[in-house]
1. Mind counting the residues in region 88-113 that are within 19 Å of His135 (Cβ to Cβ) and either open to solvent by 50 Å² or more (accessible area, probe 1.4 Å) or part of a strand (DSSP E or B) (or both)?
2. Given the criterion surrounded by fewer than 12 Cβ atoms within 10 Å (Cβ to Cβ), at positive phi, not charged (D, E, K, R) and not in a helix (DSSP H, G or I), identify the matching residue among Gly58, Gly47.
3. Could you list, ordered by first residue, the pairs with Cβ atoms under 6 Å in which the first is in region 70-83 and part of a helix (DSSP H, G or I) and the second is buried (at least 17 other Cβ atoms within 10 Å of the Cβ), at least 6 apart or interchain?
4. Taking Val17 as meeting all but one of (1) open to solvent by less than 70 Å² (accessible area, probe 1.4 Å); (2) assigned to a loop (DSSP other than H, G, I, E, B); (3) modelled with pLDDT under 80, write down the number of the exception.
5. For Ile53, work out the one condition from (1) part of a helix (DSSP H, G or I); (2) of a type in the set (A, V, I, L, M); (3) open to solvent by 60 Å² or more (accessible area, probe 1.4 Å) it doesn't fulfil.
Amino acid sequence: MPETAESLDFSDPVCSVCKQAETKRDIDWKERARVLREISAGIKSLGRDYDAIIPFSGGKDSTFTLWYAVRELKLRCLVVRFNHHFFRQGVQENWRRTSRRLGVDSIEFTPNWHVVRRLMLESLKRRGDFCWHCHSGVFAYP
């Protein structure tokens, strides 16, 4: 990870990323899986149209999360996508394959391109990141 990463902290002898890795190592993952299955069973018993809303970016993490929710937990999922105007062709193809195989409903929001252009310029000036709207939209829309 580059030392300029915004969330990286070197104030301690151990960097913040290493601390996160140590914390994850100490988690009882079998117990966490049991609790997740228990929560999922309770959600399914509510009888709603959807058991879960799954944000989907098209990367490996959201693809695995959706697969696990549908195939392993047997949840009825509504997938929500934020189209930031920069999806690569491979990401779009991954979404098509994933949604067809898993048979999920989805909704997608695409912001106004004229607004996005202004946001990109402003966020480049303020944050040094032209795609700030991409990051915030992926988390805020769902």
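The values are calculated or read from the model by the stated rules, or taken from the named source; none is laboratory data. Not measured: the values here are computed from a predicted model. Cβ sites come from the backbone with ideal geometry, for glycine too, and all protein chains shown count toward neighbours. SASA here: full protein model, heavy atoms, side chains in, ligands and nucleic acids out. Shrake-Rupley method; radii C 1.70, N 1.55, O 1.52, S 1.80 Å.
1. 6
2. Gly47
3. Partner pairs satisfying both residue conditions: Val70/Cys77.
4. (2)
5. All conditions pass for Ile53, except number (1).
One line per residue, one yes/no per condition, for (1) of a type in the set (Val, Ile, Thr); (2) within 24 Å of Ala140 (Cβ to Cβ); (3) open to solvent by 80 Å² or more (accessible area, probe 1.4 Å):
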| position | (1), (2), (3) |
| --- | --- |
| Asp12 | no, no, no |
| Val35 | yes, no, no |
| Thr63 | yes, yes, no |
| Leu73 | no, no, no |
| Phe82 | no, yes, no |
